[in-house]
Amino acid sequence: MSKVIINTKNTKGIINKNIYGQFAEHLGRCIYEGLYVGEDSEIPNTNGMRNDVVEALKELDIPVLRWPGGCFADDYHWRDGIGDKDKRPYMVNTNWGGVVENNHFGTHEFFDLCEQLGCEPYITGNVGSGTVKEMRDWIEYMTFDGDSPLANERRKNGREKPWKLKYFGVGNENWGCGGGMRPEYYSDLYRQFRTFIRDYGDEPIYKVGCGANANDTNWTKVVLENAGHCMDGISWHNYTYEGDWNNKGSSYDFDENGWYSVFADVERMRKRLNDHIAAMDYVDPDGKVDLLVDEWGNWYDVMPGTNPGFLLQQNTMRDAVSGMVILHMFHEANRRVKMANIAQMVNVLQAMVLTEGERIALTPTYHLFKMMKGHHDGTLVDAFYDSKCYDTDGESVPKISVSPSIKDDILTTTIANTSLDEDETLEIELDRSFTDISAQVLTADNMCDFNSFDEPDKVVPKPLAVTLDGNKVSITVPAMSIAAITLK
Ligand code: AHR
């Protein structure tokens, strides 16, 4: 039994709903087949976007969607993706499987998808192989309301009014697939490119500098020192896995060690996040620049027999439980972390939805994101508790992770139990009373269970017994599960 004391008066910052953001890249079957099947497809669609996937994703209240990459962004030339579809040039997707990209999903289709999902667009521009002019023209094409050749070209292509573009990234992983640059060189390029990202709309465009990989705090520090004064946010990418980069483990066929080693890597991620925040605090003590974890998630070996460049993997309770621990980590770091985008939304890495032809399956990670909705823009409040820890891969992995937030007088408390075999009974003491309580749980019979196309409801949320007595809550959170309690 563990005791948790929740003090709603001890507030710890706002959980920006954008940390529940998503990422969709021209990679494998994320865009094509996953989100976009084209207007002529037999799969029911609206302007080419498949209705079943969009309907499922709408349930998540996605706040923001990042596109077109990833590595693809620094190889993408936006002009190839506008105008008549049958005249759009083909290109080779050199980053992801060498497949031919027909550019049928471009700027207009992306904004249409965002409108269908009701989310903000976050576009990443091409620094690695693009030009300053190409980027400045794209911004004018998308956001200028007046009479200009580019705005008129947009109108000719079917969009009268400019789109509202809130977030724009200046390159992606420019230390790697985005150009192999040093931070000093990238900083100068950032300063040059961002100068020509003009504000044509009412609101200034929020500009994101390319940030570091995993533990490279030097990149964060140098880029902020040289260009932080003209940046709204800097990104950071961190993937978690079971083994090492060359042997990341199977997504659906793992043993107990495989389960716990992912949680050990989550603890390493926590240390790295704190290191990047410390580097930011050193260079930017007033906290003017936000941290955007615009790629994160579990990355495993691809499914056997699939194109290694398509990054297709299964999704189990291990992903839902570790995903909750990571989202709680972002809650705690809300002072700096203002956005996060899980990689990726459909059919790639730690996806929400998997598709095969006309069939779809919603993953345990999808259900995690649905269960966390009460936290969007909530105020994090203090939870005091002690957790048992497991020693794994040289890390101390807490058995439970608890995160409460309050919004509109509703207290949402989410709890992850990382143990494979021990339930956890919690006695939660609150500093105020509520009159109504309910709880949900997501768990599975076996740690490797997943939702297949034949058995799409194997791992789905269910009601969980919970009692409220005055200001005391009692609940038992099963082994390898996540739970969400709602108090009104
Ligand atoms: O999400 C897959 C890839 O991971 C992205 O394209 C790249 O930015 C990162 O290395």
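Just a few scattered comments:
- Altogether, the Stokes-Einstein calculation at 20 °C and 1.002 mPa s, with the Kirkwood radius of the range 1-62 over Cα pairs as Rh, returns a diffusion coefficient of 143 µm²/s.
- Per residue value of the accessible surface for the range 1-48 (all protein chains in place, 1.4 Å probe), Å²: 44 Å²
- Counting only Cα atoms, the size of the range 272-362 along its three principal axes is 50, 23, 21 Å, in decreasing order.
- Per-residue SASA entry for Lys288, accessible area with 1.4 Å probe, Å² rounded to 10: 150 Å²
- Accessible area per residue for the range 170-326 is 39 Å², calculated with a 1.4 Å probe on protein heavy atoms, without ligands, DNA or RNA.
- Distance violations [Cα-Cα > 28 Å] among Lys288/Lys370; Lys388/Lys462; Lys3/Lys248: Lys288/Lys370; Lys3/Lys248
- Accessible area of Thr11 in the full protein assembly, 1.4 Å probe (Å², nearest 10): 80 Å²
- FRET efficiency, Asp469 to Glu115 (Cβ-Cβ, R0 60 Å, nearest 0.05): 0.80
- With DNA, RNA and ligands ignored, accessible area of Met329 (1.4 Å probe; Å², nearest 10): 10 Å²
- Across the range 361-464, the volume of the C-alpha convex hull divided among the residues equals 140 Å³ per residue.
- Using bins of 20 Å that start at zero, the share of Cα-Cα pairs per bin across the chain amounts to 24, 57, 19, 0, in whole %.
- In terms of overall dimensions, the range 1-131 has a Cα radius of gyration and Dmax of 18.3, 65 angstrom.
- Anchor Lys156: aspartates and glutamates whose Cα lies under 14 Å away (excluding residues fewer than 8 positions away in-chain): Asp84, Asp145, Asp147
- Per-q log10 I(q)/I(0), the range 28-87, q = 0.18, 0.19 Å⁻¹ (Debye; single scatterer per alpha-carbon; no solvent): -0.82, -0.90
- The range 364-488: relative contact order in percent, alpha carbon pairs under 8 Å with at least 6 residues between: 31 percent
- Heavy-atom accessible surface of the range 267-314: percent carbon and sulfur, 1.4 Å: 54 percent
- For the range 78-87, 3J(HN,Hα) computed residue by residue from phi via the Karplus equation (6.51, -1.76, 1.60; θ = phi - 60°) reads 4, 5, 5, x, 10, x, 4, 5, 6, 9 Hz, glycine and proline entered as x.
- Solvent-accessible ranking of Phe384, Phe434, largest area first, probe 1.4 Å: Phe384, Phe434
- Within the straight-line cut-off of under 19 Å between alpha carbons, the aspartates and glutamates reachable from Lys87 are Glu39, Asp40, Glu101, Glu109, Glu153, sequence neighbours fewer than 8 places apart in one chain being disregarded.
- Backbone amide hydrogens, once placed in the peptide plane, bring Gly169 within less than 5 Å of Ile123, Thr124, Gly125, Val208, excluding anything fewer than 5 places away on its chain.
- A 1.4 Å probe run over the range 76-148, with the rest of the protein chains in place, finds 38 Å² accessible per residue.
- The range 79-153 versus the range 365-416: alpha-carbon centroid distance in Å: 38 Å
- With N the number of residues in the range 148-200, Rg(Cα) / (2.2 N^0.38 Å) evaluates to 1.53.
- The aspartates and glutamates whose alpha-carbon is closer than 12 Å to the alpha-carbon of Lys373, local same-chain residues fewer than 8 away aside, are Glu59, Asp61.
- Full-stretch length increase - Asp423, Lys156 - with 0.36 nm per residue and alpha-carbon distance subtracted: 90.0 nm
- Heavy-atom accessible area with a 1.4 Å probe sorts Tyr185, Tyr36, largest first, into Tyr185, Tyr36.
- Centroid-to-centroid, using Cα positions, the range 208-241 and the range 311-359 are 21 Å apart.
- Rounded to the nearest 20 debye, dipole of the range 244-382 from Cβ charges on Lys, Arg, Asp, Glu: 220 debye
- Relative to the longest principal axis of the Cα atoms of the chain, the long axis of helix 107-117 makes an angle of roughly 30 degrees.
- Summary value for the range 242-372: 25 percent relative contact order, contacts being C-alpha pairs under 8 angstrom separated by 6+ residues.
- The C-alpha atoms of the range 97-165 occupy a region whose extents along the principal axes are 40, 31, 21 Å, arranged from largest to smallest.
- Vicinal HN-Hα couplings computed from phi for the range 47-61 (Karplus, 6.51 cos²θ - 1.76 cosθ + 1.60; Hz; Gly/Pro x): 6, x, 7, 6, 5, 5, 5, 4, 4, 5, 5, 4, 5, 8, 6
- Placing pseudo-labels 7 Å out from each Cα toward the beta carbon at Asp40 and Arg198 gives an inter-label distance of 3.9 nm.
- Legend: residues Asp188, Asp147, sorted from most to least accessible area (1.4 Å probe; ligands, DNA and RNA excluded), read Asp147, Asp188.
- Folded to 0 to 90 degrees: helix 183-195 orientation relative to the chain principal axis, Cα: 60 degrees
- Using every pair of distinct Cα positions in the range 220-307, the Kirkwood expression returns a hydrodynamic radius of 14.9 angstrom.
- For the chain: relative contact order, % (alpha-carbon pairs under 8 angstrom, 6 or more apart): 19 percent
The values are calculated or read from the model by the stated rules, or taken from the named source; none is laboratory data. As the structure is a computational prediction, the values presented were derived from the model and not from experiment. Cβ atoms come from the backbone with ideal geometry, glycine included; neighbour counts cover every protein chain shown. Heavy atoms of the whole protein, side chains included, go into the accessibility calculation; ligands, DNA and RNA do not. Shrake-Rupley method; radii C 1.70, N 1.55, O 1.52, S 1.80 Å.
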